[in-house]
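In what follows, a structure is listed as structure tokens, so that the remarks can point back to it.
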Amino acid sequence: MRRQAWLRPGDVVEVVAPGFRCAPQNLRAAGAFLRGLGLVPRVPRALFGTDLLCANSDRLRLAHLERALAAPDSRCVWCLRGGYGAIRLVEPLRRRGPPAQRKLLIGYSDATTLHYLLNRHWGWPTLHGPL
């Protein structure tokens, strides 16, 4: 039985920050890492806001995540960082339900709450891996 690769060169990877923010140099390094793999990172313009604890307001982090999950031209959503805040996005996503196209979610730490929703309730593949 042959397995299908989830990601191939040229695929778009949605980069989101459902919890904490990272340093600007880490965001640049993440983009360079993905481009080095032949992937195309897509980062929301307003990824980081003025929230003292999280990468942005709950409303914007949820909007970024919803757009990433629903985008028809990407195959993966990569959480840039863990940290408190991701859990506050679970209930609105649960009520919304899964988009038609399954995607791979990659994340760690507090993004585990998103893994639980997508994997257990939506039946999507997830990878508990590096941020």
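The values are calculated or read from the model by the stated rules, or taken from the named source; none is laboratory data. These figures come from a predicted structure and were not determined experimentally. Here Cβ is always computed from backbone atoms with ideal geometry, including for glycine, and neighbour counts include all displayed protein chains. These accessible areas exclude ligands, DNA and RNA; they are computed on the full protein's heavy atoms, side chains included. Shrake-Rupley method; radii C 1.70, N 1.55, O 1.52, S 1.80 Å.
At-a-glance table
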item: Test: residue in segment 46-67 that is within 21 Å of residue 128 (Cα to Cα), open to solvent by less than 60 Å² (accessible area, probe 1.4 Å), assigned to a loop (DSSP other than H, G, I, E, B) and in contact (Cβ under 8 Å) with a residue 24 or more places away in the chain; result: yes
item: Of all residues in segment 111-130 being within 12 Å of the chain's Cα centre (by Cα) and in contact (Cβ under 8 Å) with a residue 60 or more places away in the chain, the one that is nearest to residue 19 (Cα to Cα); result: 111
item: Number of the exception - residue 70 against (1) of a type outside the set (D, E, K, R); (2) surrounded by fewer than 18 Cβ atoms within 10 Å (Cβ to Cβ); (3) touching a strand residue (DSSP E or B) at 6+ places or on another chain (Cβ under 6 Å); result: (3)
item: Selection from segment 21-45 of residues that are in contact with a Phe, Trp or Tyr (Cβ under 9 Å, 6 or more places away or on another chain), part of a loop (DSSP other than H, G, I, E, B) and open to solvent by 60 Å² or more (accessible area, probe 1.4 Å); result: 21
item: Residues of segment 4-28 classified as more than 16 Å from the chain's Cα centre (by Cα) and under 25 Å from residue 112 (Cβ atoms), total; result: 2
item: Selection within segment 10-20 - of a type in the set (A, V, I, L, M, F, W, C) and part of a strand (DSSP E or B); result: 12, 13, 15, 16
item: Selection count where residues are open to solvent by 10 Å² or more (accessible area, probe 1.4 Å), closer than 20 Å to residue 42 by Cα and either among the β-branched types (Val, Ile, Thr) or in a helix (DSSP H, G or I) (or both), scope segment 80-117; result: 1
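A quick yes/no check of all residues on (1) among the charged types (D, E, K, R); (2) modelled with pLDDT of 95 or more:
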{"position": "16", "(1), (2)": "no, yes"}
{"position": "38", "(1), (2)": "no, yes"}
{"position": "42", "(1), (2)": "yes, yes"}
{"position": "46", "(1), (2)": "no, no"}
{"position": "50", "(1), (2)": "no, no"}
{"position": "53", "(1), (2)": "no, no"}
{"position": "59", "(1), (2)": "yes, yes"}
